[in-house]
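A.B. asks: Got a structure for you, written out below as structure tokens; questions coming shortly.
Rule-based calculations on the coordinates, nothing more; no lab input. None of the values given here were measured: they were computed from a predicted structure. Every residue, glycine among them, receives a Cβ derived from its backbone with ideal geometry; neighbour counts consider all protein chains shown.
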Amino acid sequence: MARYATILSSGRYIPENEITNATFAGWMGEVNPKLAEVVGKFEASSGITTRFYAPEGWATSDLAVEAGKLAIAEAGIKPEDIDMVIVGTDSPDYITPATSVVVQFKLGCINAGSYDVGCACASFPTALAQAAGLLAINPQMKYILVIGAYMMHKLADVKHDVTAFFYGDGAGAAVLGVADKPGYVSTSMKADGSYHKHWGIYSGGTYEPATVESVEAGRTKVKLLTPFPPTVNHQGWPARVRECAANGGFELQEIDHIIFTQVNKKSIQIVMDDLGLPIEKAHFIGDKWGYMGSACLPIAFDDAWKSGIIRSGMRVVFCGSGVGYNQAATCFIMP
């Protein structure tokens with residue numbers, strides 16, 4: 001009998017410490033009044049009005065654990081039932097070991113393997129495809145927990161770097177299980193490493209191990225060095241969605257909903273127009289919780305599912321792009 005992967009449940013965690021745009025503009029105004037004006041421009045273009053920060057002593061794994069608990073409980077299973085924990089993040093607890101193994105321990109998933117996916121905002125659709133493949137070909141596996149988590153504000157200079165406007169904390173999770181009919185449909189992935197020096201954390205790894213000088217110069221903090229051209233998303237996202245549809249043998253008009261990386265509401269509108277789909281088929285959460293990098297797709301998905309926007313039988317595409325860059329789109333039919 002064929003084995004198919006399906007999404008059984010989801011969960012999200014948003015921390016309580018709210019940092020509004022007004023608060024952020026105040027921080028920037030203390031550095032340079034012109035930076036405070038940029039905050040207003042960012043709000044207008046992105047649709048982001050606020051963001052939330054985790055408690056000072058928390059790490060990314062703590063966010064992931066909270067979302068994972070909710071997804072596991074909603075699936076009606078126990079942590080020890082999980083066969084694999086996959087965590088997508090580019091704000092890990094450590095360079096090594098992997099954040100997923102910390103999450104596996106903290107959740108009590110004592111029978112699970114674990115690994116990280118480091119595709120930034122493309123991590124969740126990438127991890128969903130990997131989880132579907134693992135379930136399809138490994139008869140001993142029943143449940144895989146996929147989490148996207150983000151705590152980039154802690155790796156940024158939030159009171160001096162205006163780019164930190166975009167960094168909010170959060171985590172989203174989904175439990176995938178086995179079904180007798182397809183849930184997972186198809187995937188499209190594309191990378192372009194020529195952009196790897198545009199945005200990142202460039203000291204602290206083997207390229208430049210952290211030193212006193214690199215810390216003092218701010219190179220161990222996340223930096224936007226060269227803006228990405230808008231075409232990266234405006235052309236890349238439609239290409240991924242179209243290829244995902246072609247790979248899955250369905251038409252664009254058969255898509256019931258698309259969950260995009262949540263960095264820019266205007267970009268989502270441009271892409272939906274390109275695809276010939278109404279904007280109502282693309283959920284946006286930036287106005288409520290801000291941009292949360294690796295976590296924004298699963299959080300937006302959970303919000304749309306819990307609110308009834310996404311329902312049983314719908315064809316849902318997850319489309320994300322992350323620094324480097326990586327892009328991925330993955331399609332599921334909801335159970």
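A.B. asks: Considering the dipole of the chain built from charges on the beta carbon (Lys and Arg +1, Asp and Glu -1) around the Cα centre, which of ALA173, ILE48, ILE258 is farthest to its positive end?
C.D. replies: ILE258
A.B. asks: Continuing with the same structure: 5 Å is the cut-off here: which amide hydrogens, built 1.01 Å from N in the peptide plane, fall below it relative to SER186, excluding neighbours closer than 5 in sequence?
C.D. replies: CYS331
A.B. asks: With θ set to phi - 60° and the Karplus curve 6.51 cos²θ - 1.76 cosθ + 1.60, what are the ³J(HN,Hα) couplings of region 69-83 in order, to the nearest whole Hz, using x for Gly and Pro?
C.D. replies: 4, 5, 5, 5, 4, 5, 6, x, 10, 10, x, 6, 7, 6, 8
A.B. asks: Need one number: % antiparallel among DSSP beta bridges in the chain, to the nearest 5.
C.D. replies: That works out to approximately 70 percent antiparallel.
A.B. asks: Amide H to amide H, which residues 5 or more places from ALA179 or on other chains are under 5 Å from it, using H placed in the peptide plane?
C.D. replies: Distant-sequence amide H within range of ALA179: TYR4, ALA5, THR6.
A.B. asks: Name the residues whose placed amide hydrogens come within less than 5 Å of the amide hydrogen of ILE259, ignoring near sequence neighbours (fewer than 5 apart) on the same chain.
C.D. replies: Sorted by chain and number, the residues that satisfy this are VAL317, PHE318, CYS319.
A.B. asks: Let me ask something else about it. Could you grab the relative contact order for region 200-335? Cα pairs under 8 Å, six or more apart, rounded to a whole percent. If you can, show how the numbers build up before the last one.
C.D. replies: On the way: 169 pairs, mean separation 32.8, N = 136.
After rounding, I find 24 percent.
A.B. asks: While we're here: Report the one residue of ALA25, PRO139, LEU35 whose Cα lies farthest in the direction of the positive end of the charge dipole of region 4-181 (charges on C-beta: Lys and Arg +1, Asp and Glu -1; origin at the Cα centre).
C.D. replies: Final value for the positive-end residue is PRO139.
A.B. asks: A follow-up question, please. Treat every Asp and Glu Cβ in the chain as -1 and every Lys and Arg Cβ as +1, leave all other atoms uncharged, and give the resulting dipole magnitude about the Cα centre to the nearest 20 debye. Mind dumping the intermediate values first?
C.D. replies: Values: 26 positive and 33 negative charges, 90 e Å.
Approximately 440 debye in magnitude.
A.B. asks: Read phi for every residue in region 15-22 and hand back ³J(HN,Hα) as whole Hz from Karplus 6.51 cos²θ - 1.76 cosθ + 1.60, θ = phi - 60°, with x for Gly and Pro.
C.D. replies: Each residue's phi maps through the Karplus curve to give x, 8, 7, 7, 10, 6, 4, 5 Hz.
A.B. asks: Note down the net charge around GLY286, summing +1 for each Lys or Arg and -1 for each Asp or Glu among other residues with Cβ under 12 Å from its Cβ.
C.D. replies: Net charge around GLY286: +1.
A.B. asks: Sequence neighbours fewer than 8 away in the same chain don't count; with that in mind, list the lysines whose C-alpha is under 18 Å from LYS154.
C.D. replies: Within the straight-line limit of under 18 Å, LYS154 reaches these lysines: LYS221, LYS223.
A.B. asks: Order these peptides, 150-156, 38-44, by their mean beta-carbon neighbour count within 10 angstrom, highest first.
C.D. replies: Numbers: 150-156: 23.3, 38-44: 15.1.
In descending order of packing, they fall as 150-156, 38-44.
A.B. asks: Would you mind checking LYS34/LYS288; LYS41/LYS281; LYS265/LYS288; LYS142/LYS281 for any pair whose Cα atoms are more than 24 angstrom apart? List each step's numbers first, then the result.
C.D. replies: Numbers: LYS34/LYS288 26 Å; LYS41/LYS281 26 Å; LYS265/LYS288 12 Å; LYS142/LYS281 31 Å.
As for pairs spanning more than 24 Å Cα to Cα, those are LYS34/LYS288; LYS41/LYS281; LYS142/LYS281.
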